[in-house]
Number of protein chains: 2
Amino acid sequence: MTKKTTIYDIAKKLNITAATVSRALNNNPKISEKTKELVFKTASGMNYEQNKLAQALKSGKSFNVGVIVPRIDSNFFSSVIRGIEEELYPEGYHVIICQTHDQQELEIKNINSLLNAQVDGILMSISNAKLEKNAVFNNLVKKNVPLIFFDRKKDIKNVSSITIDDFKGGYEATSHLIQQGCKRIAHLSNNRNLEIFKNRYLGYKQALLDNNIPFDESLVVETFSKVIEGREKTRLLLQMDNPPDAIFSSSDFSALGAIEEIKESGLRIPEDICVVGFSNEPFTKFMELSISSIDQSPMEMGKITARMFLDEVASEVKVKLEKHVVLTPTLIARKSSLKI
Amino acid sequence: MTKKTTIYDIAKKLNITAATVSRALNNNPKISEKTKELVFKTASGMNYEQNKLAQALKSGKSFNVGVIVPRIDSNFFSSVIRGIEEELYPEGYHVIICQTHDQQELEIKNINSLLNAQVDGILMSISNAKLEKNAVFNNLVKKNVPLIFFDRKKDIKNVSSITIDDFKGGYEATSHLIQQGCKRIAHLSNNRNLEIFKNRYLGYKQALLDNNIPFDESLVVETFSKVIEGREKTRLLLQMDNPPDAIFSSSDFSALGAIEEIKESGLRIPEDICVVGFSNEPFTKFMELSISSIDQSPMEMGKITARMFLDEVASEVKVKLEKHVVLTPTLIARKSSLKI
DNA sequence: CTGTTAGCGCTTTCAC
DNA sequence: GTGAAAGCGCTAACAG
């Protein structure tokens, strides 16, 4: 490793102090234009590069922010990240992405790693609402490291969040199915310890209620966001004495599984059964039988998350105010649920 | 920001030196068990947490490695990353993911950001082979920061790489189509400045040659890895006087576009036209008309990349030896190309 | 086994 | 306008 040039090297060369060099490089107004120019010139001549670590150690700021998501290989999360990047890069921040793969253990590990790396903030979508070991979060809050939740949040004092109105999403999806003439609508739900899934479920229920359709507990099944899960749970639904004529899935992946299973059973979509998913993953549009879904404007969500973070670090105020932004989801009706 | 406790604080409390505390925390064998225990206890009692920045500044190691990919929202790259993480986490490293979105400018920016963040190495898949401004890479090599290319490489002295045998991939895909009885095989190629695409193309060509099928330049079209691109280029192919009876696409996304277009034109798959993609993205399996593709074992690739990096940092040897691992791809034949 | 001391590279008072 | 000096938190060489 060739010795890196430091401000001392360039100071020596110019017969001035390191302090002056530092000031010059930071464009301190007290330094004469002449010196500045000289410093800049020699610096680049010597291939000088600032050591961010030293700077960070001194200033206590690393200009790194951590983003924690369950996984990066879903269009939803990668789009949110893209949104975050677009807002943060221009401000000089760098983004460190971590995945939890829905494992609580990794979630905690990631937070700690990021803290160790002295990130200036953490933007995250929790995978596990239970995470009783609130210790980690309290730690964050105590250390005054800005924490912002997006999409999947947890209610913690002083912590802001940006989510979508999942209740509305569930409500719209279900209402749409009712408008298409469906009477027995099943719901592939998911871990309702997570607010997002609980709210989609509640929206579904409310839509039924508002349309005088009896709520049937047996039509609601917990299903993880996997194709295979969608298939299996749908198989069970189809075997019922009184099977559903529509399925509202809390995930596009399980919706896809549902569609596969329905087709295999010989039923037609949307004539016999309508299907609506959630998230508007790109494949829903690609499919020959395109899948209706709920768009969550992930890019927008990412941008807002980033701006909230920037606001927090900018504010001098000691008393942080908790903000909760809620985006409105949009139903995208496609072939899988359009009978007309 | 509540003042963080440092080793000095705990040293003072115990009436010993910071050095001793440091040694105790690092499990230095020269420290008595008693002191160690005492230190550990008070440390956790005081909520002490190591400042990685200081440590990094001192040791010159940050235990962060940067991973640069064109994008994270393709299963291929996210799987490679997963593989990298699985090998690196146990070794105490942390992974910083950056996306270039195929923009050369971002590519350079990312490298510089990572260098500034003092990463211990960079693992990357280049987006743009031209990147004439070799300066950045030379910089890396000069600074002796381990650099390893995966999937998309560039030939640079002293830089190792791990790729798949794209020639073989192209060859197998094409041979398979020939075996299915196809005689006029088109190829949706891509920017052949990138080795991967050049090699897939060359493999395709060789397979034709070996089977006495005339190579027809007009059947090869440059197509970016997008669904829409696949559609458009396929439309042109179908309009030819002598249209193809098979398409080998260098990307699953353009293969999907090709399939959509073919169906729309009223032709049947695989009866009239067979299609094979590349990468084995999950959706190829999901489709009702599942798409044949070439699997690149991305997880494996990630793991090997990580291990190469670990080897490099472990080796004391000054003279780095360039290693080039080449994985063998596997053809996965599905409905889109199985006539039987 | 533990203390002393110096230094990683940079910033920032406090002087002059 | 610039220099001197201290310190961010940690580690490591040297000494005892």
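The values are calculated or read from the model by the stated rules, or taken from the named source; none is laboratory data. Note that the coordinates shown come from a computational prediction; the quantities given were computed from them, not determined experimentally. Methodologically, a virtual Cβ is constructed for each residue, glycine included, from the backbone with ideal geometry; neighbour enumeration extends over all protein chains shown.
Would you check if residue A:139 is away from chain B (no Cβ under 14 Å) and surrounded by fewer than 22 Cβ atoms within 10 Å (Cβ to Cβ)?
no
Does residue B:257 fit the bill of being within 31 Å of the chain's Cα centre (by Cα), surrounded by 21 or more Cβ atoms within 10 Å (Cβ to Cβ) and within 13 Å of chain A (Cβ to nearest Cβ)?
Against the criterion (within 31 Å of the chain's Cα centre (by Cα), surrounded by 21 or more Cβ atoms within 10 Å (Cβ to Cβ) and within 13 Å of chain A (Cβ to nearest Cβ)), residue B:257 qualifies.
Look through region A:17-29, keep the residues that are within 9 Å of DNA strand D (Cβ to nearest atom) and in contact with a helix residue (DSSP H, G or I) (Cβ under 7 Å, 6 or more places away or on another chain), and return whichever of them is farthest from residue A:55 (Cα to Cα).
Filtering first and then ranking leaves A:17.
So which residues in region A:30-61 are acidic (Asp, Glu) and more than 14 Å from chain B (Cβ to nearest Cβ)?
Those that are acidic (Asp, Glu) and more than 14 Å from chain B (Cβ to nearest Cβ): A:33, A:37.
I'm told residue A:155 meets every condition in (1) assigned to a loop (DSSP other than H, G, I, E, B); (2) at pLDDT below 95; (3) buried (at least 21 other Cβ atoms within 10 Å of the Cβ) except one. Can you identify the failing condition by its number?
The number of the failed condition is (3).
Mind checking which residues of region A:309-334 are surrounded by 15 or more Cβ atoms within 10 Å (Cβ to Cβ) and modelled with pLDDT of 95 or more?
A:325, A:327, A:329, A:330, A:331, A:332, A:333, A:334
So residue A:19 passes all but one of these: (1) within 40 Å of the chain's Cα centre (by Cα); (2) free of Cβ contacts under 8 Å to residues at least 24 places away in the same chain. Which condition number does it fail?
(1)
Counting just the residues of region B:1-12 that are within 12 Å of DNA strand C (Cβ to nearest atom) and away from chain A (no Cβ under 14 Å), which one comes out modelled with the lowest pLDDT?
Looking at the filtered set, the residue picked out is B:12.
If residue A:40 meets every condition in (1) surrounded by 13 or more Cβ atoms within 10 Å (Cβ to Cβ); (2) more than 25 Å from residue B:60 (Cβ to Cβ); (3) within 9 Å of DNA strand D (Cβ to nearest atom) apart from one, which number is that one?
(3)
Any chance region A:88-104 includes a residue that's charged (D, E, K, R), surrounded by fewer than 22 Cβ atoms within 10 Å (Cβ to Cβ) and away from DNA strand C (no atom under 16 Å from the Cβ)?
Among the residues of region A:88-104, at least one is charged (D, E, K, R), surrounded by fewer than 22 Cβ atoms within 10 Å (Cβ to Cβ) and away from DNA strand C (no atom under 16 Å from the Cβ), which makes the answer yes.
Any chance you could count how many residues in region B:34-59 are outside any loop (DSSP other than H, G, I, E, B) and more than 7 Å from DNA strand C (Cβ to nearest atom)?
Looking only at that region, the number is 15.
When you look at residue B:335, is it under 25 Å from residue B:166 (Cβ atoms) and in contact with a helix residue (DSSP H, G or I) (Cβ under 8 Å, 6 or more places away or on another chain), yes or no?
When the stated conditions are applied, residue B:335 does not pass them.
Per-residue answers, yes or no, for (1) in contact (Cβ under 8 Å) with a residue 60 or more places away in the chain; (2) buried (at least 24 other Cβ atoms within 10 Å of the Cβ):
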{"position": "B:267", "(1), (2)": "no, no"}
{"position": "B:274", "(1), (2)": "yes, yes"}
{"position": "B:282", "(1), (2)": "yes, no"}
{"position": "B:299", "(1), (2)": "yes, no"}
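Can you report the number of residues in region A:60-81 which are assigned to a loop (DSSP other than H, G, I, E, B), away from DNA strand C (no atom under 16 Å from the Cβ) and touching a residue at least 40 places away in the same chain (Cβ under 8 Å)?
Of the residues in region A:60-81, 2 are assigned to a loop (DSSP other than H, G, I, E, B), away from DNA strand C (no atom under 16 Å from the Cβ) and touching a residue at least 40 places away in the same chain (Cβ under 8 Å).
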